[in-house]
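Down below is the structure, laid out as structure tokens.
The values are calculated or read from the model by the stated rules, or taken from the named source; none is laboratory data. From a predicted model like this one, the values you see are computed outputs, not experimental measurements. Positions of Cβ are generated from backbone atoms using ideal geometry, with glycine treated the same way; all protein chains shown enter the neighbour counts.
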Amino acid sequence: MATKVDTKPAAVADEKLAGKYQGLTREQLIDAYRLMYTSRKLDDREILLKRQQRIYFQISGAGHEAVGVAAGFALKPSYDWFYPYYRDRALCLALGASPYEMLLQAVGAADDPNSGGRQMPSHWSLPKLNIVTQSSPTGSQILQAVGCAEAGRYFAAHPEAAKKGGDDYREFKDVRFHEDEVTYVSLGDGTTSEGEFWEALNTASNRKLPLIFVIEDNQYAISVPVEVQTPGGNISRLVAGFPNFHFEEVDGTDPVETYAAFARSAAYCRERSGPAFIHAHVIRPYSHSLSDDERLYRPDAERQQDAARDPITRMQMFLLREGILDEKGINRLEKQVEEDLQVAVDQALEAAPPRPESVTEYVYSPYLDPTSAVFETQPSVAAGSDGKKPAPKTMADLINATLRDEMRRDERIVIFGEDVADCSREQYLQEKLIKGKGGVFKLTAGLQCDFGSDRVFNSPLAEANIVGRATGMATRGLKPVVEIQFFDYIWPAMMQLRNELPLIRWRSNNGFSAPAVIRVAIGGYLTGGAIYHSQCGESVFTHIPGLRVVFPSNALDAAGLLRTAIRCDDPVLFFEHKRLYRETFGRAPYPGPDYVIPFGKAKVVQEGTDISVITYGAVVPRALQAAQKLEREHGVRVELIDLRCLNPFDWEAIAVSVRKTNRVIVAYEDSLSWGYGAEIAARIADELFDQLDAPVRRVAAKDTFVAYQPILEDAILPQADDLFRAMKDLAEF
Ligand SMILES: Cc1ncc(C[n+]2csc(CCOP(=O)(O)OP(=O)(O)O)c2C)c(N)n1
Ligand SMILES: [Mg+2]
């Protein structure tokens, strides 16, 4: 249903009505009521189905129907972009989603176009309509919508970048954009308390993005009233100072007034004047969800006041009063809606459930496997101009060179993060007054100068902002390669990293994907780095399905793996050890612009026959030092394996080595307990038990924090001496 009519005010057929109903025609007003009524009745049907235990969850859009339909009329499906929240049933219907598609999600059917039975009902995701997969954490959609709006604008400025090809992720990522497209994002009044909301306002305002924020203010967040969330009780008053915005505050139970607010806001955004903010006052007549009974915290009088503003009744009265429909017409429309719904319900209840074997589908890209032989290449080292072998470079140099070459090759790459630009005040660069910064570790130095400020720029000091925007951009087909300045400060982005970025593909059943790259400076051994500049913690992230995690120990691997990260079709967390950035160990000449290394392939750093040491990152050079000493002094030959990639990891290489040596140490820099080595040790114990001549040992940091005083730091982090002792012990076991 939901035949979409052209809703541009300029295209109004009946001129006489143009002023009267804010440009909406009689047919549109009838259609609005049909959509609103369908939305409400669909909620009612789902509630019944839940009570009959035929579906497993229900959350309604009741009371929010008018604002949804108004937005749906003012904006364009499959043209504009939508980041709705769970109360936006009427919006999705107005954009063209069918009740049947919604019911398929409620029953958890294989054919559910939103998620294939993976997400709760009202978690909208309809690629054909540009309705982008939503999740359950309140507010995590907002920064992604910012990134989406940025991506649309970027493609408009760089249309060549939208082209397919390139023998990489771009082959599988269709880009669609329109010069004057708008992004819609909605949230509840309670959700305005989330920090990510304010981070999004910041960037939308600063960058004058074509983004409409919609606050559906029903005065409650479950049982918590708006004045507890919002000082003064009115969000419009708080945000009024943000520059560049067009603001609207409306009665969101009135579809005509709300439509006008959306039409003005959309026009403002389409002409690229900046973002818009629509604060719509709505009601919530059905409690928060079926698990909530609002009578426990709202007296009858208050609830009755809300009921008097019910948008369904109001719209019905409006149509009657204006003579647009008479009672018979209303009855006919309602009857038709209910009959259609019955058909949809009957059909949905018959729908087949998903296959249990399908649960691991789309955790990663089904199109491009970064572990495959396609990514096996050899370095191609060009001789210097004097014909001599080029000088070995540091890891920092090669990462910088790789970023530069990839940016040249792929115009979809954008780089942002804290301090990554050469200089935000461009005129200083133009007037050659300064040299430029390019990252606190200088990894991005010169990239802004080479590729321009719309491809390399500073973010606000807000890590969720960085990862959330990157997720939105990657969803649209850009390749953000963003930087988290210190691993120690990745935690504000944890919601995006745990619940969003790596889940986009799986939860949308391959409807969307977000293959962004997050570079993170990690690790200790800094002499003075202390607690908050030395952290590891990689196992927190290897525990997240859907996220590739890479941790190189030397310059050559960093170059090859970073290139694979950029070209691949999955989100990648790329750890760069700060201590290794400029180390003498592991320097290499630049391996050329096409050097890639497959993920999940370990490197045997040195072969041995007596003990296997499985490690990665900054422990590699320390373990090598210990192994060489052990061989010199005791003739013990250690096989040293550098995993390089932590998810996926090279189980085969470990198994081959353990079968050979029958003794194994897993060594890592992070604190011992629950660390990355626990998984490897468990798997060895499980699958290679009969190969072992000694217990599986772990060498790692003490279960404490990394202290400032170098004596303490040495005692806390695993040193070559600790590794030496553990290797010697195990050899003698
Ligand atoms: C980050 C997060 N915290 C808590 C919840 C649980 N929760 C779900 S909805 C909700 C209230 C949301 O209120 P509001 O933003 O006003 O939207 P409304 O439901 O009123 O439309 C809460 C606390 C959640 N989903 N996500
Ligand atoms: Mg609310």
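Any idea which residue in the stretch 182-192 is farthest from ligand 2 (Cβ to nearest atom), counting only those that are of a type in the set (S, T, N, Q) and outside any helix (DSSP H, G or I)? Give the derivation first.
Taking the stretch 182-192 as the starting set, the residues that turn out to be of a type in the set (S, T, N, Q) are 183, 186, 191-192.
From the residues that got through so far, the ones that are outside any helix (DSSP H, G or I) too are 183, 186.
Details: Thr183: 22, Ser186: 11 Å.
Among those residues, the one meeting the criterion is Thr183.
Of everything in the stretch 278-302, what is assigned to a helix (DSSP H, G or I), closer than 26 Å to Pro121 by Cα and charged (D, E, K, R)? Give them in sequence order. Outline the logic, then answer.
Residues of the stretch 278-302 assigned to a helix (DSSP H, G or I): 294-296, 300-302.
This time we only want the ones that are closer than 26 Å to Pro121 by Cα, so: 294-296.
Result: Glu294, Arg295.
Among the candidates Ala221, Ala200, Ala266, single out the residue that is in contact with a helix residue (DSSP H, G or I) (Cβ under 6 Å, 6 or more places away or on another chain) and over 21 Å from Tyr86 (Cα atoms).
Of the residues listed, the single one that is in contact with a helix residue (DSSP H, G or I) (Cβ under 6 Å, 6 or more places away or on another chain) and over 21 Å from Tyr86 (Cα atoms) is Ala266.
Name the residue, out of Glu171, Glu160, Glu179, that is away from ligand 2 (no atom under 15 Å from the Cβ) and either assigned to a loop (DSSP other than H, G, I, E, B) or crowded, with 24+ Cβ neighbours inside 10 Å (or both).
Just a single option satisfies the conditions, and that option is Glu179.
When you check Leu201 against the structure, is it under 26 Å from Phe73 (Cα atoms) and within 15 Å of ligand 2 (Cβ to nearest atom), yes or no?
Here the answer is no, as Leu201 does not meet what is asked.
So the check is Cβ under 8 Å with 6+ separation or different chains; which pairs have a first residue in the stretch 205-221 that's more than 10 Å from Ala149 (Cα to Cα) and among the hydroxyl-bearing types (Ser, Thr, Tyr) and a second one that's away from ligand 1 (no atom under 13 Å from the Cβ) and assigned to a loop (DSSP other than H, G, I, E, B)?
Ser205/Phe242; Ser205/Pro243; Ser205/Asn244; Ser205/Phe245; Ser205/Gly274; Ser205/Pro275
Grab the strands (runs of 3 or more DSSP E) fully contained in the stretch 397-499, keeping just those with 2 or more residues being in contact (Cβ under 8 Å) with a residue 60 or more places away in the chain, of a type in the set (A, V, I, L, M) and under 30 Å from Ser125 (Cα atoms).
Numbers: elements: 413-417, 456-458, 479-484.
In the stretch 397-499, 413-417, 479-484 are the strands (runs of 3 or more DSSP E) which contain 2 or more residues that are in contact (Cβ under 8 Å) with a residue 60 or more places away in the chain, of a type in the set (A, V, I, L, M) and under 30 Å from Ser125 (Cα atoms).
Of all residues in the stretch 116-133, count the ones that are surrounded by 24 or more Cβ atoms within 10 Å (Cβ to Cβ), more than 16 Å from ligand 2 (Cβ to nearest atom) and part of a loop (DSSP other than H, G, I, E, B).
Adding up the residues that qualify gives 7.
What number of residues within the stretch 9-57 satisfy the criterion of being in a loop (DSSP other than H, G, I, E, B), touching a Lys or Arg at 6+ places or on another chain (Cβ under 9 Å) and at pLDDT below 50?
So the count comes out to 1.
All but one of (1) part of a loop (DSSP other than H, G, I, E, B); (2) buried (at least 19 other Cβ atoms within 10 Å of the Cβ); (3) of a type in the set (Phe, Trp, Tyr) hold for Trp674; state the number of the condition that does not hold.
(2) is the only condition that Trp674 fails.
If you go through the stretch 580-599, how many residues are surrounded by 22 or more Cβ atoms within 10 Å (Cβ to Cβ) and in contact with a Phe, Trp or Tyr (Cβ under 8 Å, 6 or more places away or on another chain)?
4
Contact list please: Cβ distance under 7 Å, first residue in the stretch 154-182 and under 15 Å from Thr475 (Cα atoms), second residue loosely packed, with under 12 Cβ neighbours inside 10 Å and among the charged types (D, E, K, R), pairs at least six apart or on different chains.
Arg170/Lys164; Glu171/Lys164
Yes or no, residue by residue, for (1) buried (at least 21 other Cβ atoms within 10 Å of the Cβ); (2) of a type outside the set (A, V, I, L, M, F, W, C); (3) more than 24 Å from Val175 (Cβ to Cβ):
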residue	(1), (2), (3)
Asp410	no, yes, no
Gly417	yes, yes, no
Ser424	no, yes, yes
Ile434	no, no, yes
Phe441	no, no, yes
Thr444	yes, yes, yes
Leu447	yes, no, no
Asp450	no, yes, no
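Just to be sure before I move on: is Val664 over 29 Å from Thr564 (Cα atoms) and buried (at least 20 other Cβ atoms within 10 Å of the Cβ) in the structure I sent?
yes
Give the residue that is nearest to ligand 1 (Cβ to nearest atom), with candidates limited to residues of the stretch 193-239 that are of a type in the set (A, V, I, L, M) and in a loop (DSSP other than H, G, I, E, B).
From the stretch 193-239, those of a type in the set (A, V, I, L, M) are 200-201, 204, 209, 211-212, 214-215, 221-222, 224, 226, 228, 235, 238-239; that's our starting set.
Narrowing the set further to residues that are in a loop (DSSP other than H, G, I, E, B) leaves 209, 222.
Details: Leu209: 22, Ile222: 5 Å.
For the stretch 193-239, the residue satisfying everything is Ile222.
Which condition number in (1) in a loop (DSSP other than H, G, I, E, B); (2) surrounded by 20 or more Cβ atoms within 10 Å (Cβ to Cβ); (3) of a type outside the set (Asp, Glu) is the one that Val605 fails?
(1)
Applying the selection to the stretch 231-262, what residues are within 27 Å of the chain's Cα centre (by Cα) and within 16 Å of ligand 2 (Cβ to nearest atom)?
Ile235
Determine if the stretch 615-631 includes at least one residue that is in contact (Cβ under 8 Å) with a residue 24 or more places away in the chain, out of contact with any Phe, Trp or Tyr (no Cβ under 7 Å at 6 or more places or on another chain) and part of a loop (DSSP other than H, G, I, E, B).
No, because not a single residue in the stretch 615-631 is in contact (Cβ under 8 Å) with a residue 24 or more places away in the chain, out of contact with any Phe, Trp or Tyr (no Cβ under 7 Å at 6 or more places or on another chain) and part of a loop (DSSP other than H, G, I, E, B).
All but one of (1) within 16 Å of ligand 1 (Cβ to nearest atom); (2) touching a Leu at 6+ places or on another chain (Cβ under 9 Å) hold for Gly190; which doesn't?
(2)
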